[in-house]
Amino acid sequence: VYRGSVKDFQGFDASQDAEALYNAMKGFGSDKEAILDLITSRSNKQRVEICQAYKSLYGKDLIADLKYELTGKFERLIVSLMRPPAYSDAKEIKDAIAGVGTDEKCLIEILASRTNKEIHDLVAAYKDAYERDLEADIVGDTSGHFKKMLVVLLQGTREDDDVVSEDLVEQDAKDLLEAGELKWGTDEAQFIYILGRRSKQHLRLVFDEYLKISGKPIERSIRGELSGDFEKLMLAVVKCVRSTAEYFAERLFKAMKGLGTRDNTLIRIMVSRSEIDMLDIREVFRTKYEKSLYNMIKEDTSGEYKKALLKLCGGDDDAAGEFFPEAAQVAYRMWELSAVAKVELRGTVQPVGSFNDDGDAQVLRKAMKGLGTDEGAIIEVVTQRSNAQRQQILKAYKAHYGRDLMADLKSELSGSLAKLILGLMLTPAQYDAKQLRKAVEGAGTDESVLIEIMATRNNQEIAAINEAYQEAYHKRLEDDLSSDTSGHFKRILVSLALGNRDEGPENLTQAHEDAKKLADVSSNDSSDSLETRFLSILCTRSYPHLRRVFQEFIKMTNHDVEHAIRKRMSGDVRDAFLAIVRSVKNKPAFFADKLYKSMKGVGTDERTLTRIMISRSEIDLFNIRGEFIDLFDKSLHRMIEKDTSGDYCKALLALCGGED
């Protein structure tokens, strides 16, 4: 099936088109509209014929005339469309390595995404156009493993997709694991050989197998093991293996998001994919970024340049009935995988082996006695013990000195460090209960804290929180939540506070029914039953079951359930449901996002930072670190280092447990 957006023009006549273009450029000023309309509605093969006809009719070079008549980005786009794809690629690469500095991103994008045939055509076109050898030029301009991998890709010798052997899949996954994660130093040659030669179909299975045996996606290992341009190139290869369309959708999104537009990237991708997989790219884009590629181009560009890009894009997937259901498959491939991988949740704080509670109590007493306080010693002990061990230290301290360790710490420490250390000394349930209590008492209510805790804790954790709350405040948590909130938001919290979510596996028939319930509500307008139905499903079904419900939901509506919640609800109700959905999809990613938001921009939200670092340190902080670097391209460690200071920073970094 043809998945490009630009098709052959019916009733094509090269001489007629050549004449039309000649007239559009004749005289003073040019008719840009006519030029763009004609060129974007012909296929590349037809444009090449127009060039030939133009030369025979007028003895002039059409590309040279277009360059002379047009300017700026519009000119770059139109001229790029006139070249055969291989010559377009050759020109891009020539520009990327000419002059001072190299545009590595351009080299990576082209060489990681092209098929064997496209690579062979590119090498030939480069030789023909510049009378130079492409491989020699690239070797002269790059170095190290980056250079080696580019040379491997330039051979265009990747195996064909029907080449897959079961035994080899397991062997390759093992070899990659042994070349990276299990080795002191990294064996880059293994990565280059396997990722540079094996067929895409084969590599997809290798990546699945890798996830199974290592508990993490290959991308995360590449980020941890490789660096610089070599790392970027290998990640691009992996992305193109998983889905070329997804790779380009992401490149397009990054080219337009934020301030300024990377026009070179935008032009290169829109031109090069317009006759290959633009429809697939649009589909992935729509699912991944919840807006159509068409709309993003429209908001981000202007003038004739915009009009031409929109013609290449071909259609607006936000318009009714324009959205393709296959997008659902793309969005959920990764989910399906994450369901197979028993991703082991790991904290960063483990029980210390040679534990001596009385010895620790003595170290703490010494750190606080006399003038001044030895914060370093306190941080060292408290952050490097498990919570159960800290509880033993509390008892040993009282037995040894007849004093209350919590009271002593409170009087010796202050500010953010005090909150962090005292929080670590409470049991997880006591700590959560205290945070909830703070969120409801006094004048205002801190809904975001209520949501963060209630939406992410499991049944056992909720039961323990209820008990700790009753003991500390002589009130039922449910009563305090009820008297402090109202409406649907209150009902959601009360339901979650019962801690009686199903714990079984998914039930397919039921999941289909549930998804239908959510989908029906999302489309018609009786707003009351909307929240009620979402509540009755999101607050009671098990996590594995809800994952399946969300997949069914996408198949039915072409929208992610988050999209429906955002569109139809508002305020705390919306935020609570979104938190539950994200927690179900990927809890470590939910917390990574909250941590990032607590530090980005001006000022730091230390309460959120402290709360998450304490409450996740023994559950999944290690996984949160992995998600953090995947999502934001920087390590949690670095960000804490940049964003906090003094002993507070030191203690947070000790909990964080390492630089990724």
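The values are calculated or read from the model by the stated rules, or taken from the named source; none is laboratory data. Given the structure is predicted, the values throughout are model-derived calculations rather than measurements. Quick reminder, even Gly has a Cβ in these numbers, built from the backbone with ideal geometry, and neighbours come from all protein chains shown. For the accessible areas, the whole protein counts, side chains as well, though only heavy atoms, and no ligand, DNA or RNA atoms are used. Shrake-Rupley method; radii C 1.70, N 1.55, O 1.52, S 1.80 Å.
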TODO: Enter the mean projected area of the convex hull around the alpha-carbon atoms of the chain, in nm², rounded to one decimal.
DONE: 35.9
TODO: For LYS216, go through the lysines and keep the ones whose alpha-carbon is under 19 Å away, minus same-chain ones fewer than eight residues off.
DONE: LYS174, LYS183, LYS232, LYS239, LYS342, LYS585, LYS587, LYS634
TODO: Could you pull out the GluC sites (Glu not before Pro) across segment 489-572 that fall in loop regions by DSSP (anything but H, G, I, E, B) with no more than 13 other Cβ atoms inside 10 Å?
DONE: GLU503
- [ ] Show that you can apply the helix-only estimate: for the chain, add -39,500 (n - 2.57) for every DSSP H stretch of four or more residues, divide by all residues, and state [θ] at 222 nm to the nearest 500.
- [x] -22500 deg cm²/dmol
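Give me the 1.4 Å probe accessible area per residue for segment 540-660, excluding ligands and nucleic acids, in Å².
On the way: 4520 Å² over 121 residues.
Averaged over the residues of segment 540-660, the accessible area is 37 Å².
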Task: Tilt relative to the chain, helix 487-497 - C-alpha long axis, 0 to 90 degrees, to 10 - done: 60
Open item on the list: Below 8 Å between Cα atoms, with a sequence gap of 6+, how large is the relative contact order for the chain in percent?
Closed with: 11
Task: Charge dipole (debye, nearest 20) of segment 1-112; +1 at Cβ of Lys and Arg, -1 at Cβ of Asp and Glu - done: 100
Open item on the list: Exposed loop sites here are chymotrypsin sites (Phe, Trp or Tyr not before Pro) in DSSP loop states with at most 10 other C-beta atoms within 10 Å. What is the longest stretch of the chain lacking them?
Closed with: 185-660
- [ ] Can you tell me the relative contact order of segment 166-242? Whole percent, Cα pairs under 8 Å, sequence separation 6 or more.
- [x] 34
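Please label the shape of segment 14-70 as rounded, prolate or oblate, based on the square roots a ≥ b ≥ c of the eigenvalues of the alpha-carbon gyration tensor (a/c under 1.5 means rounded; beyond that, a/b larger than b/c means prolate, else oblate). Please report the intermediate quantities before stating the final value.
Working: a/c = 1.67, a/b = 1.17, b/c = 1.42.
It comes out oblate by the Cα gyration axes.
Would you tally the net charge around SER15, using a Cβ to Cβ cut-off of less than 13 Å, leaving SER15 out, and scoring K and R as +1, D and E as -1? Display every interim value, and only then the final one.
Working: positive: LYS55; negative: ASP13, ASP17, GLU19, GLU49.
Net of charged neighbours comes to -3.
Mind running the shape call on segment 244-321? Use the C-alpha gyration tensor, a ≥ b ≥ c as the square roots of the eigenvalues: rounded below 1.5 for a/c, prolate if a/b tops b/c, oblate otherwise. Working shown, then result.
Values: a/c = 1.22, a/b = 1.16, b/c = 1.05.
Here segment 244-321 falls in the rounded category.
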Task: For the chain, size of Cβ-based charge dipole, Lys and Arg +1, Asp and Glu -1, in debye - done: 1020
Task: Reachable lysines from LYS311, criterion Cα separation under 21 angstrom, eight or more residues apart if same chain - done: LYS7, LYS32, LYS45, LYS67, LYS73, LYS254, LYS257, LYS291, LYS298
- [ ] With the Cα gyration tensor of segment 85-155 in hand, convert its eigenvalues to equivalent ellipsoid semi-axes via √(5λ) and list them largest first in whole Å.
- [x] 16, 14, 11
Task: Approximate spin-label separation ASP133-TYR543, in nm, with each point projected 7 Å along Cα-to-Cβ - done: 5.6
TODO: Counting other Cβ atoms within 10 Å, keep those with at most 13, restrict to DSSP loop, and tell me which GluC sites (Glu not before Pro) in segment 569-660 are left.
DONE: GLU659
Task: Cβ-defined net charge surrounding GLY359, 12 Å radius [Lys, Arg +1; Asp, Glu -1] - done: 0
Task: Net charge dipole size for segment 14-70 [Lys, Arg +1 and Asp, Glu -1 on Cβ; Debye, nearest 20] - done: 180
